[in-house]
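Visitor: Please read through the structure below; I'll follow up with questions.
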Amino acid sequence: MLKKLPLPFWTIALPVLAWIAYISPINGLGIFDVVILTALLIGSVLAAVHHAEVVAHRVGEPYGTLLLALAITTIEVALIVSLMLTGGPETTALARDTVLAATMIILTGMIGICLLVGGAKYREQEFSLSGVSVALVALIAITVLTLILPNYTTSTPGPVYSQVQLGFVAIISLVIYGAFVLTQTVRHRDFFLPPGADGNEDEHAAPPTSKTAWLSGFLLLVCLGIVVLLAKALAPDIEKAVINAGAPKSLVGVIIAAVVLLPEGLAAFAAARKNRLQTSLNLALGSALASIGLTIPAVAMVALFTGMTITLGIDMKATVLLLLSLFTIMLSLATGKTNMLQGVVLLVIFATYLFTTIAP
């Protein structure tokens with residue numbers, strides 16, 4: 001008799017098949033090749049979500065959501081840096097477009113869906129106001145300093161920082177993100193626990209064994225790694241489709257961010273459906289902070305060492321939408337309770353962002 005696997009078979013098989021497909025000489029199959037890689041990419045994303053939930057259940061909040069945010073953001077950084085190094089001068093705005101897209105997707109798309117679904121099912125959902133306030137303070141500061149301030153500096157013409165300014169912004173981004181992680185995991189961990197959980201978020205189900213959690217942790221990295229490699233392999237086809245459709249090239253950054261954030265988005269959605277909005281917000285706001293706080297320093301180091309100029313400042317249209325998103329999020333999460341209306345408004349802003357990206 002076969003020994004029962006500690007995890008569902010598909011969560012192990014799909015990423016393995018994805019790696020085999022990636023390293024196999026299947027190029028030249030045209031649209032069939034793209035369909036296979038896309039299907040395996042989606043399967044790997046779903047497997048990553050499952051493994052992330054297993055690990056999060058074992059280590060508890062907020063460590064589980066922090067682990068997933070760090071893992072996915074590290075993969076995002078690796079993808080952006082690799083595309084920058086191989087793409088040349090044409091990728092100077094890729095980091096800006098991807099970080100902006102990730103921030104808008106998280107603040108309006110991911111949180112909007114969570115509030116809408118949670119509000120529709122439970123009418124009102126509660127969360128820890130202290131934890132959300134801490135995250136928003138850090139997020140607003142780091143967003144303005146990295147994406148808006150470059151438009152108003154005078155050392156270098158255009159929406160770019162000089163080398164000295166870029167180095168300084170990289171350092172303060174790490175400082176803000178490091179202070180947030182310290183607050184989340186050490187100084188005020190209780191701020192990020194679900195209300196009434198008393199530090200025990202696993203009260204309804206037994207946590208997995210250490211062996212299962214370690215296996216899921218390893219498979220999570222395997223899944224995230226192949227997600228990035230497949231996204232990079234499909235990037236030329238994505239860019240070609242965007243150009244053929246007559247859409248702006250900035251849409252490529254939106255698509256890359258959406259693919260990379262898909263595991264977190266599905267995990268946040270699942271948590272909201274289970275009335276665990278605190279977990280959803282930990283994932284969303286932590287991911288937004290990690291996306292900026294790690295990506296900007298990484299691309300800054302690449303730019304400083306290679307002499308490449310990177311464009312960080314966003315245009316006026318994007319500035320208006322970003323500030324509107326931050327203001328709406330602040331109001332939506334100001335009372336410790338949420339409902340459907342807030343989710344609808346955030347999703348409308350997200351739809352506006354997507355529409356004006358395609359039809360500027």
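The values are calculated or read from the model by the stated rules, or taken from the named source; none is laboratory data. Source: prediction; values computed, not measured. So basically every Cβ, Gly included, is an ideal-geometry build from the backbone, and we count neighbours across all protein chains shown. Just the protein is used for accessible areas: all its heavy atoms, side chains included, with ligands, DNA and RNA removed. Shrake-Rupley method; radii C 1.70, N 1.55, O 1.52, S 1.80 Å.
Visitor: Between a first residue in segment 175-195 that is over 18 Å from Leu281 (Cβ atoms) and a second residue that is surrounded by fewer than 16 Cβ atoms within 10 Å (Cβ to Cβ), which pairs have beta carbons less than 7 Å apart while being 6 or more apart in sequence or on different chains?
Guide: That search, which allows pairs on different chains as well, returns Ile176/Ala141.
Visitor: Return yes or no: is Ala213 in a helix (DSSP H, G or I) and at pLDDT below 80? Steps first, answer last, please.
Guide: Numbers: in a helix (DSSP H, G or I): yes; at pLDDT below 80: no.
Criteria not met by Ala213.
Visitor: Now for a separate question. For residues in segment 180-190 being open to solvent by 50 Å² or more (accessible area, probe 1.4 Å) and not β-branched (Val, Ile, Thr), which is nearest to Val134 (Cα to Cα)?
Guide: Of everything passing the filter in segment 180-190, His188 is nearest to Val134 (Cα to Cα).
Visitor: Of the residues that sit in segment 206-228 and are open to solvent by 50 Å² or more (accessible area, probe 1.4 Å) and under 22 Å from the mean Cα position of the chain (by Cα), which one is farthest from Ile314 (Cα to Cα)?
Guide: Phe218
Visitor: What are the residues in segment 124-177 that are assigned to a loop (DSSP other than H, G, I, E, B), in contact with a Phe, Trp or Tyr (Cβ under 7 Å, 6 or more places away or on another chain) and under 18 Å from Thr279 (Cα atoms), if any?
Guide: The one that is assigned to a loop (DSSP other than H, G, I, E, B), in contact with a Phe, Trp or Tyr (Cβ under 7 Å, 6 or more places away or on another chain) and under 18 Å from Thr279 (Cα atoms): Ser128.
Visitor: Just to be sure, is Ala318 open to solvent by less than 30 Å² (accessible area, probe 1.4 Å) and out of contact with any strand residue (DSSP E or B) (no Cβ under 7 Å at 6 or more places or on another chain)?
Guide: On the way: open to solvent by less than 30 Å² (accessible area, probe 1.4 Å): yes; out of contact with any strand residue (DSSP E or B) (no Cβ under 7 Å at 6 or more places or on another chain): yes.
Judged against the criteria, Ala318 is a match.
Visitor: For segment 138-161, name all the residues that are modelled with pLDDT of 90 or more and exposed (fewer than 14 other Cβ atoms within 10 Å of the Cβ).
Guide: Hits for segment 138-161 are Ala141, Tyr152.
Visitor: Let me ask something else. Tell me, which helices (runs of 4 or more DSSP H) wholly within segment 1-89 include 3 or more residues that are surrounded by fewer than 14 Cβ atoms within 10 Å (Cβ to Cβ) and modelled with pLDDT of 70 or more? It would help to see each step written out before you state the result.
Guide: Working: elements: 9-23, 31-59, 63-87.
So the answer is 9-23, 31-59.
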